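The values are calculated or read from the model by the stated rules, or taken from the named source; none is laboratory data. Computed from a prediction, not measured in an experiment: that's the story for all the values here. Here the Cβ positions follow ideal geometry from the backbone for every residue, glycine too, while neighbour counts run over all protein chains shown. Note: areas computed on protein heavy atoms with side chains; ligands, DNA, RNA excluded. Shrake-Rupley method; radii C 1.70, N 1.55, O 1.52, S 1.80 Å.
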Amino acid sequence: VNLLAAMQEGVSIIDSAVGGLGGCPYAKGATGNVATEDVLYMLAGLGVQTGVNLRHVMEAGAFVGRVLGKPTHSRVANSIWRRSAGVRVSFHYKEVLATAIADGNVTGSEKALIEQYRLRHNIGGEEHQAALRSLGWSQSQYDRGHK
């Protein structure tokens with residue numbers, strides 16, 4: 001929430017750390033930095049394209065955590081890992097995608113919501129493309145926003 005407020009005030013550079021690692025050794029109770037995974041998820045939800053692959057950042061955070069023997073402090077990573085460990089979703093991705101593209105168009109905000117859904121439910125690129133194909137859309141049509 002603080003990052004969103006800062007962005008609304010014009011801040012365009014955000015400092016974060018994979019897995020929320022770090023902190024200040026001089027500040028009592030400083031648990032770490034804001035997790036990069038959480039920042040990426042928030043930005044995706046806002047429709048901001050970062051070019052950073054959340055899945056890769058999550059994997060890097062898990063690796064560093066294993067090496068250091070510390071769990072990730074990323075709420076997003078923890079949630080996605082739990083879901084990918086067997087939690088079933090109530091809607092099939094194809095149905096979500098079909099709803100968004102029913103009118104033959106997909107807006108930037110719809111794409112942002114779809115991306116958030118994909119992140120939340122561990123929907124990979126192959127499943128996304130297969131769902132598009134089954135609905136008669138190509139990836140390039142989806143990227144353009146219309147059929």
- For the stretch 129-138, in order, what is each residue's ³J(HN,Hα) by Karplus, 6.51 cos²θ - 1.76 cosθ + 1.60 with θ = phi - 60°, in whole Hz (x at glycine and Pro)? 5, 5, 5, 4, 4, 5, 9, x, 10, 9
- Task: Rounded to the nearest 500, what is the 222 nm mean residue ellipticity of the chain from helices alone, with -39500 (n - 2.57) per DSSP H run of 4+ residues and division by all residues?
- Result: -16000 deg cm²/dmol
- Expressed as a rounded percentage, what relative contact order does the chain have, with Cα pairs under 8 Å and six or more residues apart? 21 percent
- What nm distance separates the two modelled labels at residue 7 and residue 138, each placed 7 Å from Cα along Cα→Cβ? 3.2 nm
- Message: Under a Cβ-only charge scheme (Lys and Arg +1, Asp and Glu -1), can you give me the dipole magnitude of the chain about the Cα centre, in debye to the nearest 20?
- Response: 440 debye
- Per residue value of the accessible surface for the chain (all protein chains in place, 1.4 Å probe), Å²: 64 Å²
- Setting aside same-chain residues fewer than 8 positions from residue 111, which lysines have a Cα under 20 Å from its Cα? 94, 147
- Calculate one ³J(HN,Hα) per residue across the stretch 102-116 by plugging θ = phi - 60° into the Karplus curve 6.51 cos²θ - 1.76 cosθ + 1.60, and present them in order as whole Hz with x for glycine and proline. 4, 8, x, 9, 9, 7, x, 5, 5, 4, 5, 5, 5, 4, 4
- extent check for the stretch 91-144: Cα max minus min per principal axis, descending, whole Å, gives 24, 22, 18
- Message: Check which residues have an amide H placed less than 5 Å from residue 74's amide H, if you skip close sequence neighbours.
- Response: none
- Message: Based on alpha-carbon atoms only, what is the radius of gyration of the chain relative to the globular estimate 2.2 N^0.38 Å?
- Response: 1.19
- Query: How much accessible surface does residue 94 have with a 1.4 Å probe, in Å² rounded to 10?
  - Reply: 100 Å²
- Task: Please say if the stretch 1-84 is rounded, prolate or oblate, where rounded means a/c under 1.5 for a ≥ b ≥ c the square roots of the C-alpha gyration tensor eigenvalues, and otherwise the choice is prolate for a/b larger than b/c and oblate otherwise?
- Result: oblate
